[in-house]
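The structure appears below as structure tokens.
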Amino acid sequence: QVQLVESGGGSVQAGDSLRLPCAASGGAFSRYYMGWFRQAPGKEREFVASITRSGGNTYYTNSVKGRFTISRDNAKNTVYLQMNSLKLEDTAVYYCAADPAGVYGRRWNFIAYWGQGTQVTISS
């Protein structure tokens, strides 16, 4: 069983950048597909990005393509979400997710492991 801990959230202005690391422990990190989801107030948790076990393939929701980059370092048991050109609508709690069966294309409530979330707030 893997434990996930996100960090790196904060309050920034529109156009700024943030990088969110998610550190994993308690499991063989390279066995897990990893992803990032976010949840804004009053909205359902939504997919943001995911990465395959080797890091060879990445997937993004349309609204973040070209601005966000997901990556992983299997030697450090860490997945990252680099967020550039942040917009007001990116404000949300960002959650790291892991599943040995996959993340991309799956509803969030079918994904096995979650971090506690980190708040990202974008202001004008």
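The values are calculated or read from the model by the stated rules, or taken from the named source; none is laboratory data. Note that the coordinates shown come from a computational prediction; the quantities given were computed from them, not determined experimentally. Keep in mind that these areas ignore ligands, DNA and RNA; they rest on the heavy atoms of the full protein, side chains included. Shrake-Rupley method; radii C 1.70, N 1.55, O 1.52, S 1.80 Å.
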* To do: Any aspartates and glutamates with Cα under 18 Å of the LYS43 Cα? List them, leaving off those in the same chain fewer than 8 positions away.
  => GLU89, ASP90
* Structure fact -> Karplus ³J(HN,Hα) for the stretch 3-14 (6.51 cos²θ - 1.76 cosθ + 1.60, θ = phi - 60°; Hz, whole; x = Gly/Pro) runs 10, 10, 10, 8, 8, x, x, x, 10, 9, 8, 4
* Using a 1.4 Å probe and ignoring any ligands, DNA or RNA, find the accessible area of PHE110 and quote it in Å² to the nearest 10. => 130 Å²
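Heavy atoms only, probe 1.4 angstrom, no DNA, RNA or ligands counted: give me GLU44, GLU89, GLU6 ranked by accessible area, highest first.
Values: GLU44 105, GLU89 125, GLU6 10 Å².
From most exposed to least exposed: GLU89, GLU44, GLU6.
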* To do: Take every Cα pair under 8 Å in the stretch 19-124 that's 6+ residues apart, average their separations, divide by the length, and report that relative contact order as a whole percent.
  => 31 percent
* **Candidate lysines - alpha carbon under 19 Å from LYS65, same-chain residues fewer than 8 apart omitted** => LYS87
* To do: Rounded to whole Hz and in sequence order, give me ³J(HN,Hα) for the stretch 48-63 from the Karplus expression 6.51 cos²θ - 1.76 cosθ + 1.60, θ = phi - 60°, writing x for Gly and Pro.
  => 10, 7, 8, 9, 6, 5, 8, x, x, 10, 10, 9, 9, 6, 4, 5
* Asked: Counting only protein chains, not ligands or nucleic acids, how are TRP36, TRP114 ordered by accessible area (probe 1.4 Å), most first?
  -> TRP114, TRP36
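Compare TYR94, TYR113 by solvent-accessible area with a 1.4 Å probe and give them largest first, with all protein chains kept in place.
On the way: TYR94 0, TYR113 55 Å².
Highest to lowest solvent-accessible surface, that is TYR113, TYR94.
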